[in-house]
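Scroll down for the structure; my scribbles are underneath it.
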Amino acid sequence: MRLRPLCLLALTAAAALTGAAPAQFGEAAGFGEMMSPYFLRRDLQIFQEGLELDEGQAVIVESLFWDYEDDHESGKVRMLERLSEMRENIDQLDRDRILQMVFQPFEQRSQEWDQMREQFLSNVRAILSSDQEQRWPDFRRDLRRRKELPKGRFSGENLNLFEIVREMELDPRTRRMIDEPLNTYGITLDEALVRRERLLHDSRLAIMHSIRDENPGQALDIYEQQITARMAIRRVNDDYTEVIAAGLPEDLAATFREKALAKAYPRVYRPTAAHRLFTEALKLPDLTTESRQAVMDLERSFLGEVAGLNARLVVLLRDYEPEENRYRAQSFATRAGGIKPEKPKDPTRAVFKERDQLGRRYIELLRDLLTPEQFDSLAGSQRFNRRGGARDPLEQKRQFMERQGNKFGVSDE
């Protein structure tokens, strides 16, 4: 019976729908989210600090949270009990009745989940003073960034430029230079987050109905809208990385941009083996002045070349990630009909390979600048330590054992 997998999909949705493509539809329908409270205990500190609650208010908010947490747990238990009862009777029902029963607990749970979240926020707001009430819009935007940005799926979608600014610990005068673009960024990002949040919320029932009606096309349309909303958030972060950097002095702008890109695109900007070896080489205590300058010049040349490749990778990732996620969704949606969509080619592979080859070339140049002893002492240099051919295996083994002995304070003497 073709219906059975769809029923099982709904009944096991709380287990997060293992597998990449099913998980996408489970997330789109909000299955996993409904099984956990929106607010967690650690969020109490955000309310405390963001609203500057006094001691009495903090006690009240904590009490409100315990009630919220208890209500959430009770609602989850009720839903799971209803699903458990269905498992016992599902074989005795016809198709339409099965689907109606399966999705009803999730629909009811979705409404309860939303109501509990909004009621908690309303209760907190009701105890605020007039001064605290004026801070509510800024607090709400900050809270939304903290809660919603981690849900990003694409590179750059979960970036929070406020965190980058805080990490840089700018002096007050410099901080004021970017107050206006940073405030505008906060408002613009919040608008994009609200749109995505509402879309994900409104998609819950529609996704369930598409599964119930065996209508993968409807689910794909919804998922396409979600991709668009996610890309909009990433675009805000990409745009304002440059806008905010433009308001900083040149040296700080470069640092800000570097930190933002590393956070937004970790796959591209995480340090490579060549980065690490250059860093280690410049720490060598026995480098001569001339050798140190030569290493610095070589590193500067490497960073210049790799920057161009990284910029290409970012452009390619921005285009490829939506295509990859779209393919996974299509693969899952059309699986029952035996249709297999064409898998998009990953254009980043060739550039990553080119970057790896570039790194190896510069590592060889670095190796030629150092003595064999200096290069071999660098952490991670072992797989690059050939000079004019492979070393004798016995010699390599002897050196390895010697390093291990030194590591644990063991001596052959």
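In region 369-383, the residues that are over 13 Å from Val295 (Cα atoms) reach residues that are outside any helix (DSSP H, G or I) and of a type outside the set (Ser, Thr, Tyr) with C-beta atoms within less than 7 angstrom, at least six apart or across chains, in these pairs: Pro372/Arg387; Asp376/Asn385.
Annotation note: Cβ proximity below 9 Å between a residue of region 337-363 that is under 22 Å from Phe384 (Cα atoms) and at pLDDT 95 or above and a residue that is among the β-branched types (Val, Ile, Thr) and in a loop (DSSP other than H, G, I, E, B) (sequence gap 6+ or interchain) occurs for Arg355/Thr272; Asp356/Thr272; Gly359/Thr272. Whether a residue is surrounded by 15 or more Cβ atoms within 10 Å (Cβ to Cβ), in the same structural domain as Arg146 (by TED's automatic domain parsing), in a helix (DSSP H, G or I) and free of Cβ contacts under 8 Å to residues at least 60 places away in the same chain was assessed, and Arg196 passes this test. So, in region 293-318, of the ones that are closer than 15 Å to Arg267 by Cα and out of contact with any Gly (no Cβ under 9 Å at 6 or more places or on another chain), which residue ends up surrounded by the most Cβ atoms within 10 Å (Cβ to Cβ)? Selected residue: Leu313. Within region 168-184, one or more residues are in a loop (DSSP other than H, G, I, E, B) and buried (at least 16 other Cβ atoms within 10 Å of the Cβ).
Would you say Gln218 is surrounded by fewer than 19 Cβ atoms within 10 Å (Cβ to Cβ) and either in a helix (DSSP H, G or I) or at pLDDT 95 or above (or both)? Answer is yes for this residue.
The values are calculated or read from the model by the stated rules, or taken from the named source; none is laboratory data. Quantities reported herein were computed from a predicted structural model and do not represent experimental measurements. Don't worry about glycine lacking a Cβ; one is built from the backbone with ideal geometry, like all the others, and counts go over all protein chains shown.
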